[in-house]
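Presented below is the structure to which this report refers.
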Amino acid sequence: MISLNGTLEQSGEHLHLCVSDPHGTMLGGHMMPGCTVRTTLELVIGSLEELAFSRQPCALSGYDELHISPVK
């Protein structure tokens, strides 16, 4: 795994990763259930306690898009 980024929110996660095979060929996309780490993965997760992350429908894209709002 070369990189992993995305968001974790109460309703789930939206993660993107980039991986490489032994020959250096790169692939990237959404991390899906069932992804397996074969050896070691060092993962740091940051918490932004003053912000709330959620998904809300977007009329333009048709997808549930990330919405960030202050915690009340």
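Every read-out reported here was derived from the displayed coordinates using simple, explicitly stated rules and does not represent laboratory data. Model, not experiment: these values are computed from the prediction. We place every Cβ from the backbone using ideal geometry, glycine too, and count neighbours over all the protein chains shown.
Within 13 Å, Cβ to Cβ, of A52, how many net charges do the neighbouring residues add up to if Lys/Arg are +1 and Asp/Glu are -1? Taking every Cβ under 13 Å from that of A52, the sum is -1.
For the stretch 1-66, what does the alpha-carbon gyration tensor say about shape, rounded, prolate or oblate, given a ≥ b ≥ c as the root eigenvalues, a/c under 1.5 as rounded, and a/b over b/c as prolate? Judged from the Cα gyration tensor, the stretch 1-66 comes out oblate (a/c at least 1.5, b/c at or above a/b).
Just need the relative contact order of the chain here, percent rounded to a whole number, with Cα pairs under 8 Å and 6+ apart. Please report the intermediate quantities before stating the final value.
On the way: 87 pairs, mean separation 15.9, N = 72.
Computed value for the chain: 22 percent relative contact order.
Taking amide H atoms as placed 1.01 Å from N in the peptide plane, the amide H of R55 lies under 5 Å from those of H67, each 5 or more residues away in sequence or on another chain. Spin-label model, M1 to L27: label points 7 Å out along the Cα-to-beta-carbon direction sit 1.6 nm apart. For the chain, applying the loop criterion from DSSP together with a ceiling of 16 other beta carbons within 10 Å to the GluC sites (Glu not before Pro) yields E42, E49, E50. With θ taken as phi - 60° and the Karplus curve 6.51 cos²θ - 1.76 cosθ + 1.60 applied, the whole-hertz 3J(HN,Hα) list for the stretch 51-62 is 10, 10, 10, 8, 10, 10, x, 10, 5, 6, 8, x Hz, x standing for glycine and proline.
At 0.36 nm per residue, minus the direct Cα-Cα distance, what do V71 and Q56 gain on full extension? Give it in nm, one decimal, please. Let's see the in-between values first.
Values: separation 15, 0.36 × 15 = 5.40 nm, distance 1.63 nm.
Stretched fully, the V71-Q56 segment lengthens by 3.8 nm.
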